[in-house]
Amino acid sequence: MLRRHFAVIVALGLATLAVSYPVWSQEHDQQALIKAMGDAKVSLQQGLTASQREGRAISAKFEMEDGKLQLSIYTEKGGKFSEVIVDHNNGSVAKSETITDGDDLTHAKSQSTAMTKAKSQLKDAVDKALSKAAGARALSATAEMKGGRSVASIELLRGGQIQSVTEELD
């Protein structure tokens with residue numbers, strides 16, 4: 001009887017952990033990103049400018065990859081998509097890889113559709129959002145369609161907190 005109760009308790013504990021892990025992991029990753037941003041010498045806008053040789057930027061974000069800060073920008077050129085990694089210390093393109101399948105390709109196609117309808121660039125939307133948020137730093141910008149309109153969903157870091165804003169692209 002005790003053995004069965006123990007098994008039930010362990011199973012419930014594992015189920016609770018499985019449900020709460022994604023939330024904890026996301027919060028942990030967010031805190032690691034906020035901390036790592038203190039080391040970034042390059043802004044998101046500078047990364048967007050550096051990536052232009054690879055195509056039109058359709059999204060950009062600072063992220064933690066294998067425990068290290070990375071500036072990743074998705075670009076589109078001639079119907080082909082790339083992930084451009086910009087060195088967050090000096091602003092140069094560190095590498096560019098073609099996006100050919102999976103969720104990355106699905107996201108890139110959706111972002112490209114939004115940018116096709118845009119009248120302004122992603123960098124302009126980030127600049128506009130930052131002009132309204134004194135002391136903030138852009139963490140990410142993603143082109144998307146909302147309510148039939150092309151917009152940039154932007155995450156800003158200010159005072160150790162992340163806030164989301166939206167700027168129109170059309």
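The values are calculated or read from the model by the stated rules, or taken from the named source; none is laboratory data. No experiment lies behind these values; they were computed from the predicted model shown. Here Cβ is always computed from backbone atoms with ideal geometry, including for glycine, and neighbour counts include all displayed protein chains.
Quick notes on this structure:
A quick yes/no check of all residues on (1) exposed (fewer than 15 other Cβ atoms within 10 Å of the Cβ); (2) more than 20 Å from GLY38 (Cα to Cα); (3) in contact with a helix residue (DSSP H, G or I) (Cβ under 8 Å, 6 or more places away or on another chain); (4) among the aromatic types (Phe, Trp, Tyr):
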position: SER72; (1), (2), (3), (4): no, no, no, no
position: LYS132; (1), (2), (3), (4): yes, yes, no, no
position: THR142; (1), (2), (3), (4): no, yes, yes, no
position: ARG149; (1), (2), (3), (4): yes, yes, no, no
position: GLN161; (1), (2), (3), (4): yes, no, no, no
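- Of the residues making up region 88-114, those that are closer than 23 Å to GLY38 by Cα and free of Cβ contacts under 8 Å to residues at least 40 places away in the same chain are ALA94, LYS95.
- Among all positions in region 79-87, there is at least one residue which is at pLDDT below 95 and surrounded by fewer than 21 Cβ atoms within 10 Å (Cβ to Cβ).
- Scanning region 31-46 for residues that are outside any loop (DSSP other than H, G, I, E, B) and touching a Gly at 6+ places or on another chain (Cβ under 7 Å) yields a total of 2.
- Checked against the criterion of being under 30 Å from SER150 (Cα atoms) and modelled with pLDDT under 60, the candidates VAL19, VAL23, VAL42, VAL10 yield just one match: VAL23.
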